[in-house]
Structures are given as C-alpha cells and as structure tokens.
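Below is one structure; the comments refer to it alone.
The values are calculated or read from the model by the stated rules, or taken from the named source; none is laboratory data. Nothing here was measured: the structure is a model prediction, and the numbers come from that model. Cβ atoms come from the backbone with ideal geometry, glycine included; neighbour counts cover every protein chain shown.
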Amino acid sequence: MNLGEIVKSAHSGWRYVVLIMLLGAIFNALSGYFGKKPYTEGSRKLNVFTLISAHIQLVLGLAAYFINGWYNVSSAVAMGRYWKMEHISMMIFAIILITVGNARSKKVDSALMKHRTIALYFTLALIIIIVAIFTMVKADPSRTYMGLS
C-alpha cells in the first residue's frame, strides 16, 4: 500500500467522523434554539471539534488530491470533472460555511443567536456535503452512498 492509498483511505474513513460531529452539532444547536437553552461550554466544544474534524478532512482531501494527481485528470469526462473540480469545490465551500458559522457564533451575545447561527451555517454545509455525495454517485457509478447501495 503506497502513501496515496493510505491518505485516500484515511480521507474516506474520516468522513464518518465529520458527518457524526456535524449532525451532533446541528442537533445540539437546533435543540438549544427551539428549547431556548443556554449556550454551554459543551456546545462550544462540540462546535469547535466539528470544525477541527472538518479541517482535518480538508487536509486529508487536499493531500489525496495532490498525491494521487487528481488535478491532472481530464475534465472532459464526467468522473474526471467531478474529482478534479466539483468535489473539491463543494467540500471547500462546506468547510468555509462551518468555519464562518463557528466564527460568527462567537461574535453574538445571545445564546439563542449562537445556536441559530450554528444551526444555519452547519445545516447549509451538511446540505452541500449531501449534494456532493449524490453528485459523486451520479458521476462515478462504481461508488455508493456512504458504502450503501
């Protein structure tokens, strides 16, 4: 197993951590917002760990992108275009949303607004990630939805 395969496997496996953290943070934010709960240190840490897991995924993805030479594939083919441009663009945008949402939640004073900000930005990021997964399966029929057919 070479370095490219190791990084690709790590990137592929780490996605579950990111999705679980993202879903947990969204659930926590929505329950905090609708339940009018205080914004606790636990909420802050969950959001930060979600941010960190997304950034680790980004670093692994960029490493896989360059180590495996995916920037050299043909854009004329749907699968090549997806891996070369669409996947990386959507995922970077999703991570930007997570980062901006976390930063904006720190700037508001109200606990309700903190929860609302996290819920909004993290949910938008999750939607983009889900769209990217569906687009991946469409562009590359050999792939499945998170390992499920």
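Some observations on this one:
- In the range 1-14, the residues that are assigned to a helix (DSSP H, G or I), surrounded by fewer than 19 Cβ atoms within 10 Å (Cβ to Cβ) and not β-branched (Val, Ile, Thr): LEU3, GLY4, GLU5, SER9, ALA10, SER12, GLY13, TRP14
- Just one of (1) in a helix (DSSP H, G or I); (2) charged (D, E, K, R); (3) without any contact (Cβ under 8 Å) to a residue 24 or more places away in the chain; (4) closer than 22 Å to HIS11 by Cβ fails for ARG143. It is (1).
- Considering residues of the range 78-99 that are surrounded by fewer than 20 Cβ atoms within 10 Å (Cβ to Cβ) and among the small types (Gly, Ala, Ser) only, the residue farthest from ALA139 (Cα to Cα): SER89
- Every residue from the range 83-126 that is more than 19 Å from VAL18 (Cβ to Cβ) and at pLDDT below 95: LYS84, MET85, ASP109
- Residue list for the range 46-78, restricted to those being in contact (Cβ under 8 Å) with a residue 40 or more places away in the chain, within 17 Å of MET90 (Cα to Cα) and not aliphatic (A, V, I, L, M): HIS55, GLN57, GLY61
- Residue in the range 46-66 that is in contact with a Pro (Cβ under 9 Å, 6 or more places away or on another chain) and crowded, with 19+ Cβ neighbours inside 10 Å present: no
- Consider the range 100-129 and keep the residues that are loosely packed, with under 15 Cβ neighbours inside 10 Å and hydrophobic (A, V, I, L, M, F, W, C). The one that is nearest to the chain's Cα centre (by Cα) is ILE127.
- Test result for TRP14, under 29 Å from ASP140 (Cβ atoms), touching a residue at least 24 places away in the same chain (Cβ under 8 Å) and not aliphatic (A, V, I, L, M): yes
- Those residues of the range 61-80 which are more than 21 Å from ALA10 (Cβ to Cβ), in contact with a helix residue (DSSP H, G or I) (Cβ under 7 Å, 6 or more places away or on another chain) and in a helix (DSSP H, G or I), in sequence order: ALA78, MET79
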